[in-house]
Every structure is written in structure tokens, then in C-alpha cells.
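One structure below.
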Amino acid sequence: MIRRPNTKSLQEFSHWSKHRLCHRQWFSTSVDRLNFFGRAWMGFKHLTGQIPPTKREQIELEELRQALTSIHCRRYEEDHPNQSHEKELSRIWKENKRLKNVGLRYEVQIELVPEILDLFNTFQQVDKQLDSSPKQIDMLLFQDYEETCREQHLDSHNNNYFLSTKRGALEILLQHFGHSSATFRKSLPWDSSSDEENWHDQLDEFGYNGRNAKSDVYEAIRYHQYYNMARSFLIKQHLGYSVLALKSSLADAGRGIFVDGTAPSGAILAFFPGQVWPREYLISPTDEVEEYLSWKNNPNFQLHFRGDDFCFDCRASPYTVLKESNPWAIAHIANHASWRQANSRSMGLNFFEKMRLHPSLRQYIPNEYAKPPTLMGGSLLDRDAIEMHSFCLMNRMQKMSNEEILFDYHLPFLPKEIPEWYLQEEYKSSGTYEEYS
């Protein structure tokens, strides 16, 4: 799914670059040189106000300012818990308003570095704990189950969807691995005689329908769900929250991702996995690249574009996280909500070389380059050397607790390709269908 507030269809992007090339024939012998100098010149004109920002850039600008402000305010509240932060909020907002898109991107990415390191170190600690004593997974799931039941009882008047779904998911796992109880479900929801029209009703609490799966595949998926639930429980104990993939609370949406616990404002919620296509390969794509990244080959909208036009291809990424990988690399499963209803935002982040990630932490970087970035593609303009470009979801609420993570896909306005459910959401939100370009 194209889930960036700066999304631009590849066809539109390619058409724009070809139009630009035909007016710069003196650079026709070196597309790389054109990309580098062209981007530098266009960036200078944007900074000096000679080119007004597009709607796409205005949306990104607002999202970046809000993201940076929420990070700064959270840090201020942590350092000054008993003080009012209204004056500080006003000061921070004024400072951030002086920056434009490029400067804000860098500031947000730098501010996210400590949080990324903290997350990766937590993932590593949790994995070491589970690897050292695999038998403790049963105990952890029972403990998680008891706490979930207790939370559900205390919150019974709200009938929290996440808590009831998580409880059902834990019951499935405990029953499957031989811990039967009178309180657990006795059968899974799917019926082999049912038709495909009721597919959503046939999904279990994980959003999974295993009725046609081979036994070895089914067992492998259940094992990874079993392991990931234990990982999530330990991560929650360290950070105060974690993220789980379960059956979506939205009708006919399949799976979704949920915050388990309470995530603070501006916190990272999930990472987008998959291959990264640097922007220089998209400005004038070959026929093969354009076909590979075309709309017709993207039925589930799992191509994502950052504000700086790096493309993230999540189409081959698994829906069940595997061991020894990033447990939060499930952002591609998150569902859409209109901008006014979304509780998270997509945001670019970078793994800088100066972070000096230990080799044991690199397994949690959920991306790899489809093709490596080139110097003439713009990396010479980066303030710091980048080891890997990445993409994440951030909390845009003051706090998010035990609820589904939703964000605005910001799909480009291409009526023939955009699904009806997306147009209906946008219409309900704004009353009009507005082109995003």
C-alpha cells in the first residue's frame, strides 16, 4: 500500500522526469549528472521561495512539524514531569516553523536515533532471554493471558475490541500447544463447508484462516505466533507498550496492527519492511523497473513513498514475523483511516553510519536496497552518511492505548485504480474527493 503523505504514483513521477529531460538536452548524455545538479538547483529554488510548495509538500511539512514538536514535548515532559509544558510547546512550535521540509526531515531523523537504539537493544535483550530458556514461553503466555483477562474485566464497560481479540489469540495458542482449559475456545472459527463470501468471518483472532494450509505451514505459522506473543509481552514489560498483528477491528479489512499497552506521543510504533528503491532509479526508470513497480502489480497497495521519493516495496514481506528479525516490522499490515481519523503517521527515518550499530543489532534493520544509492543520486547532499534508508509509523496522538493503529494512505487521485472503500473514507472525512499531487 502506498502509505506516505508524500505518495506519488510512479507513472506521474516518470512523466514529470521525462518532461524535465526533454527541456534539458544539454544534460542528455548523463542522467545521473542531471539528477544530482537538477535536484540541487530545485532544492535551492524551494529554499529561497522561488517555487511555491505543492499540496503534497505542504502536507509533509505539517506532518514533519507536528512529529518533531511531539518528540520535543515528550522529552520535555519526561525531564520536567511536574511542570506545565504549554509555554515550551509554543516555543518549540515557533522554532520548528522556521524549518522547511529538507531541514525538518533531518531533524526528525536525528531525534529518532536514540529511540531506535533503545528499541533495537530491547529487541536483542528479549531475544537473548527467550533463547536462553525457550521453556519459559508457556509461562509468559499464561502470565500475559492472566493480565489480559484482568484488564478486560476492569475495562468491561468499554468492551475493548483489542483486549477481547488478544485474549482469544492467546487461547488459540495455549490450546494448540496442549494447554486445554474449560475457559478456552473448543474450535477454530473456520468451517470447511463455508464459502469464500464469508471469508472475513472465517478468520481467527490473528486474522488467519488456516483451513486450506498444509500441516507443516500451519504448524510453522502457529509457532511463530507463539514466539512473537512472548516477545511482545517482554517488550511491553521493558517499554510500557508493544505492537501485535491481530484481526482488524474494521469490517472486511483482514489483519491489522495494534498497540498493546500505552505508547507515548511521537513514539515509533512499527517499521515498514522490504526492499528500498533509491530515488535515482525512479526518475527515469527502465521499462522493466516501471513495469515491476506499476499499479497493476500493486493490488494490496504495498508500495510506499517517503517525502524524499525513496520507494519501499513491502509486497514480498511476510505477515508473520520470523525469529531473529525485527518484531515490529509489520507496518505494511496497518489499515487506512482518513487524515482526520488516523492515530499515526508515516515518517522517514535513517540508519546513519555514525550510529555505529553493533553487528548483532543489524538483524533488526528491516530493509535492504533493491539497488544501492549512487553519489550522483543525491547522497553527496546528505549531511551524514546513511547506511540504510528506512520508514516507520509514529504515534500522532497524545497517548495511544490498546487500540488499532491506523494511518492515512494518501493514495494519489487515480479513480480507476483507487478502491471504493478508500474514496468513501475520503468523502466521509472531507465531503469531497480531492486530488493529491
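The values are calculated or read from the model by the stated rules, or taken from the named source; none is laboratory data. Because the structure is predicted, anything quoted here is derived from the model rather than measured. All Cβ positions, glycine included, derive from the backbone under ideal geometry; neighbour counts span all protein chains shown. Accessible surface areas use protein heavy atoms only, side chains included; no ligands, DNA or RNA. Shrake-Rupley method; radii C 1.70, N 1.55, O 1.52, S 1.80 Å.
The table that follows gives values for the structure above.
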item	result
Residue within the stretch 142-158 that is assigned to a helix (DSSP H, G or I), basic (Lys, Arg) and at pLDDT 95 or above present	no
Filtered residue count, the stretch 106-140, keeping only those that are open to solvent by less than 30 Å² (accessible area, probe 1.4 Å) and among the acidic types (Asp, Glu)	2
Residue that is most open to solvent (accessible area, probe 1.4 Å), among those in the stretch 243-268 that are part of a strand (DSSP E or B) and more than 17 Å from Tyr319 (Cβ to Cβ)	Thr262
Answer residue from the stretch 269-296, given it is part of a helix (DSSP H, G or I) and of a type in the set (Ser, Thr, Tyr) and is least open to solvent (accessible area, probe 1.4 Å) among those	Tyr281
Residue count for the stretch 348-372, restricted to those that are touching a Leu at 6+ places or on another chain (Cβ under 6 Å) and either open to solvent by 10 Å² or more (accessible area, probe 1.4 Å) or modelled with pLDDT of 95 or more (or both)	0
Test result for Arg345, among the basic types (Lys, Arg), touching a residue at least 40 places away in the same chain (Cβ under 8 Å) and open to solvent by 20 Å² or more (accessible area, probe 1.4 Å)	no
All positions within the stretch 313-369 that are assigned to a loop (DSSP other than H, G, I, E, B) and touching a Ser or Thr at 6+ places or on another chain (Cβ under 6 Å)	Ser338, Arg340
Arg231 more than 30 Å from Glu111 (Cα to Cα) and open to solvent by less than 10 Å² (accessible area, probe 1.4 Å)	no
Number of the exception - Pro299 against (1) part of a loop (DSSP other than H, G, I, E, B); (2) on the phi < 0 side of the Ramachandran plot; (3) touching a residue at least 40 places away in the same chain (Cβ under 8 Å)	(3)
Test: residue in the stretch 302-314 that is open to solvent by 30 Å² or more (accessible area, probe 1.4 Å) and either over 26 Å from Arg167 (Cβ atoms) or of a type in the set (S, T, N, Q) (or both)	no
Matching entry among Tyr218, Tyr223 (being under 28 Å from the mean Cα position of the chain (by Cα), modelled with pLDDT of 90 or more, of a type outside the set (D, E, K, R) and open to solvent by 50 Å² or more (accessible area, probe 1.4 Å))	Tyr223
Residue match in the stretch 85-95 (condition: in a loop (DSSP other than H, G, I, E, B) and either within 28 Å of His358 (Cα to Cα) or open to solvent by less than 70 Å² (accessible area, probe 1.4 Å) (or both))	yes
First in the stretch 269-289 and under 22 Å from Tyr409 (Cα atoms), second anywhere and open to solvent by less than 10 Å² (accessible area, probe 1.4 Å) and of a type in the set (Lys, Arg), Cβ under 8 Å, 6 or more apart	Phe272/Arg3
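Listed here are the residues, each with its yes/no results for (1) touching a Gly at 6+ places or on another chain (Cβ under 8 Å); (2) without any contact (Cβ under 8 Å) to a residue 60 or more places away in the chain; (3) not β-branched (Val, Ile, Thr).
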site: His72; (1), (2), (3): no, yes, yes
site: Pro81; (1), (2), (3): no, yes, yes
site: His85; (1), (2), (3): no, yes, yes
site: Ser90; (1), (2), (3): no, yes, yes
site: Arg98; (1), (2), (3): no, yes, yes
site: Gln109; (1), (2), (3): yes, no, yes
site: Ile116; (1), (2), (3): no, no, no
site: Asn121; (1), (2), (3): no, no, yes
site: Gln125; (1), (2), (3): no, no, yes
